[in-house]
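Some notes on the structure that comes next.
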């Protein structure tokens, strides 16, 4: 049972609370997505290969996998308190990343930000689920989810505007004043809530095995094209072992991080799986399209951010329709349709075409596909927390966002780099180009090295070769998204059918 530490739960105060929670949440997701548009600029200044620079994205998402822990800690020690600590970590991480003089410090700052996000997201959603009831809870959750995806939608544009008008470092520094102001509002308007009688202990073995397993999985995928097959296999095996150990620990420990009984709920499993898949597709597409528009099409960061809007604005426009469909017909229909649209969009991206207009149809389909399913799945995830508690179910659900985004980038990058490296080796086979030179040429694909700097090493038309390699590699990287989206249709139909328990409370 959730307890409120005081009675400041009037409609006026809690709607102000929602505003503050949404502002900090917006920072979390803008921070997650704005860096993609800035990566070519950052790579040119700080250096770093695609493997290195993608950790500026994945370091954030992987640290965000601690979101499950954040939900549990919030249930125990107070959701407002942990939310405040998370906001402080985002501010500190933004400062560190903003002063970075090399990739290592940048990645460290991103990891700190990710830990902060892991504290913010589950406590925000679980707080909303507790202080609102009935239809107002659905409305508040829909608003919060819209902010999550809206921030991701505008993140590339925000990043592009800042990079061109100020400096890439300001994509981090802007978080500091906004975070402080939003946190002050939350602290004033939000009652402290926690799980009544919850044991004040943390399952550290569970934390270590879960995060370690996810981390090793990403490492195996990222470096699959650069290390011997046996090393990739060994890393994957170690990841599986840690995840199995996590399950065994959670089944036996007195106060688990994750109450495994929630995974006996068919609809909860469907909501979490669908959310992971949606973020898998979105994370991979944003990462590669941000590079494509700047590296291949030669758009500036701000132009690239604007050109990404057809993939993101429909999320906000369609979200109310998805919410209505979920309430009227259940989550299965909008989620299945959304997954089908994601699969079609990924198929259309197998061939990038010769101009930007060829991207409009897949971009719009991605936005519509995600917009249809995000709120129905979020509502299902928190509809029946049971003994696990609001914080844990919220944490697991939002962890699927972070893990999905991380895997989307990691898997896509592994396929992209393998295909690009093999194609370059074929094209340059008779040009006496060394592996080191191929590695340098690969850095052109991230924007870290300018094409004119490597043109002497490339026979005939250097730009044509780079564009062809990039196009084919991105096409290869879309196949995982096609596969998981098709699986998502099956998941929606099989697991999200029917309706959950009736909502209680005052409307």
(request) Taking residue 322 as meeting all but one of (1) within 19 Å of the chain's Cα centre (by Cα); (2) buried (at least 21 other Cβ atoms within 10 Å of the Cβ); (3) within 25 Å of residue 380 (Cβ to Cβ), write down the number of the exception. (result) (1)
(message) Just to be sure before I move on: is residue 125 assigned by TED's automatic domain parsing to the domain that holds residue 371 and under 24 Å from residue 371 (Cβ atoms) in the structure I sent?
(response) yes
(request) Return yes or no: is residue 413 part of a helix (DSSP H, G or I), touching a residue at least 60 places away in the same chain (Cβ under 8 Å) and farther than 28 Å from residue 217 by Cα? (result) no
(message) Regarding the stretch 426-434, can at least one residue be identified that is in a helix (DSSP H, G or I) and at pLDDT 75 or above?
(response) yes
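Quick grid of which residues meet (1) under 28 Å from residue 219 (Cα atoms); (2) out of contact with any strand residue (DSSP E or B) (no Cβ under 7 Å at 6 or more places or on another chain); (3) crowded, with 23+ Cβ neighbours inside 10 Å:
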residue: 340; (1), (2), (3): no, yes, no
residue: 345; (1), (2), (3): yes, yes, yes
residue: 353; (1), (2), (3): no, yes, no
residue: 370; (1), (2), (3): yes, yes, yes
residue: 373; (1), (2), (3): no, yes, yes
residue: 387; (1), (2), (3): no, yes, no
residue: 394; (1), (2), (3): yes, yes, yes
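Can you report the number of residues in the stretch 296-306 which are in a helix (DSSP H, G or I) and surrounded by fewer than 24 Cβ atoms within 10 Å (Cβ to Cβ)?
Of the residues in that region, 4 qualify.
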(request) Check whether at least one residue in the stretch 52-73 is part of a helix (DSSP H, G or I), crowded, with 24+ Cβ neighbours inside 10 Å, modelled with pLDDT of 85 or more and assigned by TED's automatic domain parsing to the domain that holds residue 286, and report yes or no. (result) no
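Listed here are the residues, each with its yes/no results for (1) outside any helix (DSSP H, G or I); (2) in contact with a strand residue (DSSP E or B) (Cβ under 6 Å, 6 or more places away or on another chain); (3) surrounded by 24 or more Cβ atoms within 10 Å (Cβ to Cβ).
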| residue | (1), (2), (3) |
| --- | --- |
| 234 | no, no, no |
| 256 | yes, no, no |
| 281 | no, no, yes |
| 310 | no, no, no |
| 336 | no, no, no |
(request) Go through the residues of the stretch 128-136 one by one and say whether even a single one is surrounded by fewer than 16 Cβ atoms within 10 Å (Cβ to Cβ) and more than 24 Å from residue 395 (Cβ to Cβ). (result) yes
(request) Scan 220, 153, 224, 238 and give me the residue that is assigned to a loop (DSSP other than H, G, I, E, B), under 23 Å from residue 59 (Cα atoms), touching a residue at least 12 places away in the same chain (Cβ under 8 Å) and touching a helix residue (DSSP H, G or I) at 6+ places or on another chain (Cβ under 9 Å). (result) 224
(request) Check residue 211 against each of (1) in the same structural domain as residue 240 (by TED's automatic domain parsing); (2) at pLDDT 85 or above; (3) surrounded by fewer than 21 Cβ atoms within 10 Å (Cβ to Cβ) and name the one condition it does not meet. (result) (2)
(request) Just give me the residues in the stretch 30-51 being modelled with pLDDT of 80 or more, surrounded by fewer than 22 Cβ atoms within 10 Å (Cβ to Cβ) and touching a helix residue (DSSP H, G or I) at 6+ places or on another chain (Cβ under 6 Å), in sequence order. (result) 41, 46
(message) Checking the conditions here, which among 104, 97 is within 17 Å of residue 45 (Cα to Cα) and buried (at least 24 other Cβ atoms within 10 Å of the Cβ)?
(response) 97
(message) Quick test for you: out of 505, 447, 498, pick the one residue that is at pLDDT 70 or above, at positive phi and either surrounded by fewer than 18 Cβ atoms within 10 Å (Cβ to Cβ) or not in a helix (DSSP H, G or I) (or both).
(response) 498
(message) Yes or no: the stretch 372-392 includes at least one residue that is on the phi > 0 side of the Ramachandran plot and assigned to a helix (DSSP H, G or I).
(response) yes
(request) Identify, from the list 273, 218, 239, the residue that is under 26 Å from residue 331 (Cβ atoms) and crowded, with 18+ Cβ neighbours inside 10 Å. (result) 273
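The values are calculated or read from the model by the stated rules, or taken from the named source; none is laboratory data. In this text the structure is predicted, and so the values were computed from the model without any measurement. Note that each Cβ is placed from the backbone with ideal geometry, even for glycine, and that neighbours are counted across all protein chains shown.
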